[in-house]
Every structure is written in structure tokens, then in C-alpha cells.
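Notes follow once the structure below has been shown.
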């Protein structure tokens, strides 16, 4: 097994992808809107990935946050609210907001599991900051660290109840970034004392099964490398100060915050301490370059992967998707605009 989560090009595996994935044996896969048409097609695709991997619990990831980040969309799947809505409800009734977030995440997981997807890149634990770039914006669970942690914990618990593993992101915090790391490399100039605010939700949820790094430079800790490529940030801050010992994946190697060839990017995040390098585009030439730069997954990373995937049961949820959405909506009805 290689320490990679990889994307694919379209709605069905090509012959080239089948051969490549069989030979490479990536740790898992990630799906995007380009890979999704309807429930029957999506289930056939995820079944084919499990068949190639020879593992029923092979991680199949998706970014299904709700709001503006949703790969599975209407009319085949219901729309889910943006995270900001739960933050707004928290102002009115904190426990109601927490329960609504839990039911919402549980519903997302039930929907994903029916499609054969078992990992959701959710929740964001990025603390929203005024004046920052809108790449986080309404995707955030709030601007107060303990509120973000409380709602984030409910999301992780809801996902697990529905059979999906949650991924906290973007560690050690993307909320202050003044740029979109998909487009350029953000540099957060806050000092270490101020950054304690950003770390707080991750510390509170340091037992999360998986986490995703930020392609952001924090000169207070390392003025040369972004978190994904920084042995200092990963070793001293993520593993040390935060105390996270779950599976750590990089954000997408294809984002323009990173530079250099794709093999060097993959080797760099793994050398820095990420357990898994994430590559999303499905571009075969890029994946071949990455494959040539990595070796087999190490024992510690494999143990973290196995531990993360064991945090959810394959027994299935006892509640239906419609029932969970109804429970969530009854709670959200407390909002003035609901």
C-alpha cells in the first residue's frame, strides 16, 4: 500500500486507471463532482474502487460540507445548509445548535454510506476571523474557538453515527489567511500568542480520527515552509502542541499554494510528517510522477489509518435520511429566517 489518496478522471474507471491503481495500491481515493452523475452510477463507481483495493474499508473520501461545498447535489441528493447557520443558531440556543449540527452530519453520513463513501472531509475547525479571505467564510462554524470545537465535535459524532469518518481541517488553522491557497500561498503573520486561538478547537478535538493540513505559512513557527511541508509545524505544533495522533493527510497537492513538480510535492509532505499525500485532479501524468516519488506506507501511518477506519461501524444507521433531516429542520426552525 502506498501513502496516497488519489482522485480519478471521470464517472467510471478507465482501463488505464484500473491498471495503475491495482499496481500502485493507494491507501484510498477522493471523489469530486466530475465523478458523480446519479445514485446508481456513483454506487457502481465506489464498488469498483473497493474491488480494486480488495478492502471493504478502503477510504473513499468526499468534500460534502453543505452550502457552497457539495459534490453530491440535487436533484438526486438533498442540499445541506452551510456551517454558518449552526453558528447563528448557537447565538440563540447553544444546545439546540449542537443537536442540529449532529443530526445534519448524521444525515450526510447516511447519504454518503448509501453511495459507498465512508470518509467526509468535515468539519472545518478554522476559526473565522474578520477581514480574512472568504475561502473559509461561511464554511466556518464560528469565530469563537470553543463554539467551533463544540459544533465540530457534534459533526464528528454525527458522521460516525451514520457510518462515516470525519476529517478535521485545516490544521493548524486557515481562518486568518488573507489568500485562497487554491490560488496562491497564504502567509499568516500573527504571533504565536494570537495563534493559540486558532489551535484551540484542534486541541479540544485532538482525538479526531483524521485531519488535513493547511497549505499556509506561519512565520511564528516556520518562516520557510507551509504547514503541509513543515516538519516543525507538523512535529512541534500538530503532533506536539495540539497533541493530534490520528491520520494526518496533506491538503491537495495540486493547489497553487505549492510549487515544484508533483513528485517533489508528494515526497515533501510525507517527509515533513504527513501520513498521506492527497492528490485530487485525477490527472494521470501527475499521478505517475507522484507514484515514482513515494514508497510503501510506513507502519505508524498504516496503524493510524486502520485506527481511523475502525472508528465507525458498518452496521448502518438506525435512522433514515428523511428522519434525520426532519429532526434537523425542526431545530433550525428556531432561526428567525427559518
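The values are calculated or read from the model by the stated rules, or taken from the named source; none is laboratory data. Treat the numbers as computed from the prediction; the structure is a model and nothing was measured. Cβ atoms come from the backbone with ideal geometry, glycine included; neighbour counts cover every protein chain shown.
Summary of values
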| read-out | value |
| --- | --- |
| Subset tally (residues that are surrounded by fewer than 21 Cβ atoms within 10 Å (Cβ to Cβ) and in a loop (DSSP other than H, G, I, E, B)) for the stretch 297-310 | 2 |
| Scope the stretch 1-16; condition surrounded by fewer than 21 Cβ atoms within 10 Å (Cβ to Cβ) and either under 17 Å from the mean Cα position of the chain (by Cα) or assigned to a helix (DSSP H, G or I) (or both); matching residues | 15, 16 |
| The one condition in (1) in contact with a helix residue (DSSP H, G or I) (Cβ under 8 Å, 6 or more places away or on another chain); (2) surrounded by fewer than 24 Cβ atoms within 10 Å (Cβ to Cβ); (3) touching a residue at least 40 places away in the same chain (Cβ under 8 Å) that residue 76 fails to fulfil | (3) |
| Positions within the stretch 311-330 being within 26 Å of the chain's Cα centre (by Cα) and assigned to a helix (DSSP H, G or I), in sequence order | 321, 322, 323, 324, 325, 326, 327, 328, 329 |
| Lone unmet requirement of (1) within 16 Å of residue 208 (Cα to Cα); (2) in a loop (DSSP other than H, G, I, E, B) for residue 294 | (1) |
| Hits in the stretch 169-201 (condition: closer than 21 Å to residue 64 by Cβ and either free of Cβ contacts under 8 Å to residues at least 40 places away in the same chain or not in a loop (DSSP other than H, G, I, E, B) (or both)) | 169, 170, 171, 201 |
| Residue count for the stretch 317-331, restricted to those that are crowded, with 16+ Cβ neighbours inside 10 Å, at pLDDT 95 or above and within 21 Å of residue 115 (Cα to Cα) | 3 |
| Residue count for the stretch 274-292, restricted to those that are in contact with a helix residue (DSSP H, G or I) (Cβ under 8 Å, 6 or more places away or on another chain) and crowded, with 17+ Cβ neighbours inside 10 Å | 11 |
| Residue 285, sole failed condition from (1) closer than 30 Å to residue 101 by Cα; (2) part of a helix (DSSP H, G or I); (3) free of Cβ contacts under 8 Å to residues at least 24 places away in the same chain | (1) |
| Of all residues in the stretch 90-109 being crowded, with 24+ Cβ neighbours inside 10 Å and more than 20 Å from the chain's Cα centre (by Cα), the one that is nearest to residue 62 (Cα to Cα) | 100 |
